1. Which of the residues spanning the range 97-111 are open to solvent by less than 10 Å² (accessible area, probe 1.4 Å) and under 16 Å from I410 (Cβ atoms)?
2. For the range 63-85, which positions are free of Cβ contacts under 8 Å to residues at least 60 places away in the same chain, open to solvent by less than 40 Å² (accessible area, probe 1.4 Å) and in contact with a strand residue (DSSP E or B) (Cβ under 9 Å, 6 or more places away or on another chain)?
3. Name the strands (runs of 3 or more DSSP E) wholly inside the range 90-198 in which the number of residues that are out of contact with any Asp or Glu (no Cβ under 8 Å at 6 or more places or on another chain) and more than 15 Å from the ligand (Cβ to nearest atom) is 3 or more.
4. Mind checking which residues of the range 407-424 are open to solvent by 10 Å² or more (accessible area, probe 1.4 Å) and either of a type in the set (V, I, T) or touching a strand residue (DSSP E or B) at 6+ places or on another chain (Cβ under 6 Å) (or both)?
5. For Y267, which of the numbered conditions (1) over 20 Å from S95 (Cβ atoms); (2) in a helix (DSSP H, G or I); (3) of a type outside the set (A, V, I, L, M) fails to hold?
6. Looking at the range 301-320, which of the residues that are assigned to a helix (DSSP H, G or I) and either more than 24 Å from the chain's Cα centre (by Cα) or not aliphatic (A, V, I, L, M) (or both) is farthest from the ligand (Cβ to nearest atom)?
7. Out of Q134, Q88, which single residue is within 23 Å of D40 (Cα to Cα) and surrounded by fewer than 18 Cβ atoms within 10 Å (Cβ to Cβ)?
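The values are calculated or read from the model by the stated rules, or taken from the named source; none is laboratory data. Everything quoted here is computed from the prediction, not taken from an experiment. Ideal geometry is used to build each Cβ from the backbone, glycine not excepted, and the neighbour counts take in all protein chains shown. Side chains included, ligands, DNA and RNA excluded: accessible areas come from the protein's heavy atoms. Shrake-Rupley method; radii C 1.70, N 1.55, O 1.52, S 1.80 Å.
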Amino acid sequence: MTEPNHGIVLGGGWAGMLAAHVLARHLERVTVVERDVLPDGPRHRKGSPQGRHVHVLWSSGARIVDTLLPGLTGQLVDAGARRVGFHQDLVTLTSHGWQHRFPPRQFALMCTRPFLDWKVRDRVLATGRITVRQRAEILDLTGDARRVTGVRVRDMDRGVPRTLEAGLVVDASGRGSRLGHWLSALGLPPLEEDTVDAGIAYATRVYQAPPGAAAGFPAVNVAADHRLREPGRFGVVYPQEDGTWMVTLSCTRGAGLPTHDDDFLPYARTLRHPLVADLIALAEPLTSVAVSRVGANRRLYPERLDSWPEGLLVVGDALAAFNPIYGHGMSSAARAAAALDTELERSGVGDGTARRAQRAISAAVDDPWIMAASKDVEYVNCRINATDPRLTGGALARQRFSDLIADRSIRSPAVCDVVTDVISLTAPQSELASSRFLSLMRKDRVLPQLTAPPLTPDELALVRLNPRSTVGAGGS
Ligand SMILES: Cc1cc2nc3c(=O)[nH]c(=O)nc-3n(C[C@H](O)[C@H](O)[C@H](O)COP(=O)(O)OP(=O)(O)OC[C@H]3O[C@@H](n4cnc5c(N)ncnc54)[C@H](O)[C@@H]3O)c2cc1C
């Protein structure tokens, strides 16, 4: 290793930029290797196809990003991103019925992904200590099974391969990472991997929201009911920074998906409640349907290898990717960046750093992993190839308990607070098994079940909806 104070990050997406920022706090220089040209504005790019679909950044992730890049959340909101208070600013039909709009406990930022990525990238690169090698493709890692010393990259315009040396290489190349292949070329055994694949697919269109509605109308979410034991259909209408609504319809395996513009509205009508369809029937579509079929939960276990090479880390979707419906991918990558920062702060880059940091990073993805995977195994047609003992055995009892929590959370404010802390990744999942929470489940007041979406007359007027049109079938 000739460049111990150089860090290389493979991939310049969300996880890559946060990891590069953290490395730049501890190393002299950092290089990001990225296949795309990174746009200098809020524009789509080939390497981030998920950017055409709704993205929410949970409060836990936003807080970490704010710690790393002070004031960023405020900048995003000032530039138009919606700070949606859960559950005051959201109207949700959960599997168990309509959620009461309790005062906000947590929030999620809603804005387009290209806008979010651009704002974060802009701040990260402004420090001047990070070089981005664009249109550069990762070929393989250099070094051996004991220590990774760098990476071989190919300049995509000139076709010339080149070796970059570093003290630390971070794989942040996303779901398509070839880490397994690279490790095997270094003589390492295969990584253990779990997958839980409910066959999630997304179809998205952008609409011009009615005047005032992007800011004054709540976000809308209509979910499937897994208890019906049939393929699930979901729909959301989320406000974006530019006065538009992003509408995503999604499904689990077997429920089909609208791939043509003409099928979009009819499909929305097949959701458990017509609210999403009624809203988009009134709005002007601005884009055609974009489809994504990338939604399996997949997790690698690098921490289980007997010997993990010095100088190598894996973060973001390359390490663990989740069903996007839970909105945990970006917050999970932010948790990994925070864990890396803590480890580098504690011990700098030296022998054992990579193994310790990787353990901490892998621990940071455990809650989002088990939350998404244990929920998805409940959907019919879910394909499971997992060693995680929490996903096998005792499934029925676990499902009954999570159904009980879901039923109480929509109607009991204190229970809802704890559940919202957990699903926003602010509190650990273990909180749901604490005696405090179990006591709340017994004692918290329970409001009546809502029979229609909890929209105020002013909100209904904003989108010109008749109160009667919001009383749909299947809402309870
Ligand atoms: C449809 C959909 C909706 C989602 N919604 C949400 C949401 O609401 N909230 C949320 O938190 N998360 C959501 N996610 C997850 C979120 O998009 C990911 O968790 C996040 O983008 C992961 O970031 P990453 O940097 O690990 O990977 P990516 O964003 O995929 O970035 C990987 C980067 O590596 C580059 N790259 C790949 N291979 C190479 C190579 N060989 N050489 C050079 N460069 C390479 C790519 O060009 C890309 O820039 C969603 C995902 C999907 C698919």
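1. G97, W98, Q99
2. Listed by number, the residues that qualify are T73, G85.
3. Once the strands (runs of 3 or more DSSP E) in the range 90-198 are filtered for at least 3 residues that are out of contact with any Asp or Glu (no Cβ under 8 Å at 6 or more places or on another chain) and more than 15 Å from the ligand (Cβ to nearest atom), what remains is 90-94.
4. Across the range 407-424, the qualifying residues are V419, I423.
5. Failed condition: (1).
6. Looking at the filtered set, the residue picked out is R304.
7. It is Q134.
Matching residues to (1) among the hydroxyl-bearing types (S, T, Y); (2) under 19 Å from the mean Cα position of the chain (by Cα); (3) at pLDDT below 95:
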position	(1), (2), (3)
V170	no, no, no
D194	no, yes, no
A201	no, yes, no
Q208	no, no, no
V220	no, yes, no
P239	no, yes, no
C251	no, yes, no
G254	no, no, yes
